[in-house]
Amino acid sequence: MDTKIANFHGRFGGPVKGKVYSNLVCQFWLAGNCKRNPCRFLHREELPTSKRQLPTSKREIPTSKRELPASNVYRRTPKQSKTSNYAPKSSLASPKKPTSPNSISASNDYGNTSMQSLSSCTEEVVNTECPKSSGVITPATEPSTKKDLFSMLAQLEGHTKGISGIALPTGSDKLYSASDDGIVSIWDCHTGQSTRIVTLGQKIGCLLSEGSWMFLGLHNSIRAWNFDTKTEYTLGEGNESFGLVYAMVTSDDMLFSGGQDGSILVWKGYNEKLKPFKLAASLKGHTAAVTCLTVGRNRLYSGSTDGTIRVWDLDTLKLLYLLKKEHTDVVRSLIVWDEYLLSCSLDKKIKVWGCTKEGTIEVVYTHDVKHGAIALCGIHDAEKNPVLLCSCNDGCIRQFDLPSFQERGRIYSKDEVRRMEIGPDGLFFTGDALGNLSVWKLAA
């Protein structure tokens, strides 16, 4: 316990008085005969979590503010680099609405098989309090021997340019895909065949499905379809100039859209029959295009081409934090998982952000993926273990066990996978820069 405290005191507090600690592994412990108690050198634990004595933590979150019991203390390991000193240790909770899915070491031989029955199958700006947490991490030292997570069901062909959005609306037997070619394709989930093509004649930046609504991010406008009422609306046409919409996310009765000009427009429910959405606010701050948006713990997180992440309060729509200087290139993807924010960038880094006891947000772990990172997705495997998927610009989706970040496999694509989406019943969809749309199934 003392050793664990010593190894993260530099990040979360001062050292224990009267003790001198080292980050070197104890050679006597490695030989199996260390008799010092306490020992000032590190004893690396390799026992299963169920047999390990976990340290208690003073960094607790109120039960009302967390989805699962917190277990997220960080510990330095002796062989990690300065930028990769920490990794989370906990059974991470699934996001309320995962934005991306998973697959691993799957076949790279794309066939035109049937889709089967898919329908069944920092810089602190405002000092606000962050949730706090506790736990430990054990670094992975052995290669993973776990089996592949996904098998391919179908390769859907038709788009001629990169996939910019994938959606399988709740209760629908139709899969929707949008592309840079200006086309929305509608696929039958039972046959895997295209049933309809909607040509918009302009580049589509993103696609979002929420309840009975579907939204398309276009240039200076958002196209909204309502499946229940069979009606169509255009948001922002002729009134605003924000460029191509690259990212959208919803929260309660609000729709957030990230524009090419760096603004985040906030649309609220207004009049269901005449004008279902009204522009309520424009969040300014980013100096370049907003590339990704996500919502979690009553906050909106935005990533941008300017390399920064901004954190906004959903109640007041005010800026809480500006997270900068950690990423040195475009921030491409953000997800909120348990009490962590995960980000990835073309700077070849995945970063895990957590809250400190002072109430600020800072990077608690950095993972190098050696290639530009494009998209993140969080899932659980068949054993309910948390798995992070990261698509990179070398055409691979890397799969990491959490919290160790041990790579357990890859899935290969003909080009970089730009979009990943989780479906019901273990379905997973990927879309690459060439317009290939793939359907996968989670292994039982």
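The values are calculated or read from the model by the stated rules, or taken from the named source; none is laboratory data. Since the structure is predicted, the reported quantities are computational estimates derived from the model, not experimental observations. We place every Cβ from the backbone using ideal geometry, glycine too, and count neighbours over all the protein chains shown. Ligands, DNA and RNA are stripped out before the accessible areas are found, and what is left, the full protein with its side chains, is counted by its heavy atoms. Shrake-Rupley method; radii C 1.70, N 1.55, O 1.52, S 1.80 Å.
Quick notes on this one:
- In this structure, Asp306 qualifies as of a type outside the set (A, V, I, L, M) and surrounded by fewer than 22 Cβ atoms within 10 Å (Cβ to Cβ).
- The conditions of being surrounded by fewer than 17 Cβ atoms within 10 Å (Cβ to Cβ), at pLDDT 95 or above and in contact with a Gly (Cβ under 8 Å, 6 or more places away or on another chain) are not met by Asp368.
- Region 392-444: number of residues that are open to solvent by 50 Å² or more (accessible area, probe 1.4 Å), farther than 14 Å from Gly162 by Cβ and of a type outside the set (A, V, I, L, M, F, W, C): 7
- Any hit, region 187-200, residues being on the phi < 0 side of the Ramachandran plot, of a type outside the set (Lys, Arg) and under 25 Å from the mean Cα position of the chain (by Cα): no
- Some residue of region 154-175 being at pLDDT 90 or above, part of a loop (DSSP other than H, G, I, E, B), open to solvent by 60 Å² or more (accessible area, probe 1.4 Å) and of a type in the set (S, T, N, Q): yes
- Screening Ile379 against (1) closer than 22 Å to Leu427 by Cα; (2) at pLDDT 95 or above leaves a single unmet condition, (2).
- Hits in region 341-357 - residues which are assigned to a loop (DSSP other than H, G, I, E, B), closer than 25 Å to Gln260 by Cβ and charged (D, E, K, R): Asp347, Lys348
- Residue match in region 387-395 (condition: within 14 Å of the chain's Cα centre (by Cα) and under 28 Å from Asp313 (Cβ atoms)): yes
- Residue match in region 255-262 (condition: under 12 Å from Leu334 (Cα atoms) and among the hydroxyl-bearing types (Ser, Thr, Tyr)): no
- Enumerated strands (runs of 3 or more DSSP E) restricted to region 282-340, each holding at least 3 residues that are under 20 Å from Arg418 (Cα atoms) and touching a Ser or Thr at 6+ places or on another chain (Cβ under 7 Å): 290-296, 299-304, 331-337
- Long-range neighbours under 7 Å by Cβ, at least six apart or interchain, first residue in a strand (DSSP E or B) within region 210-222, second among the polar types (S, T, N, Q): Glu210/Thr250; Trp213/Asn226; Gly217/Ser257; Leu218/Gln202; His219/Gln202; Ser221/Thr234; Ile222/Ser257
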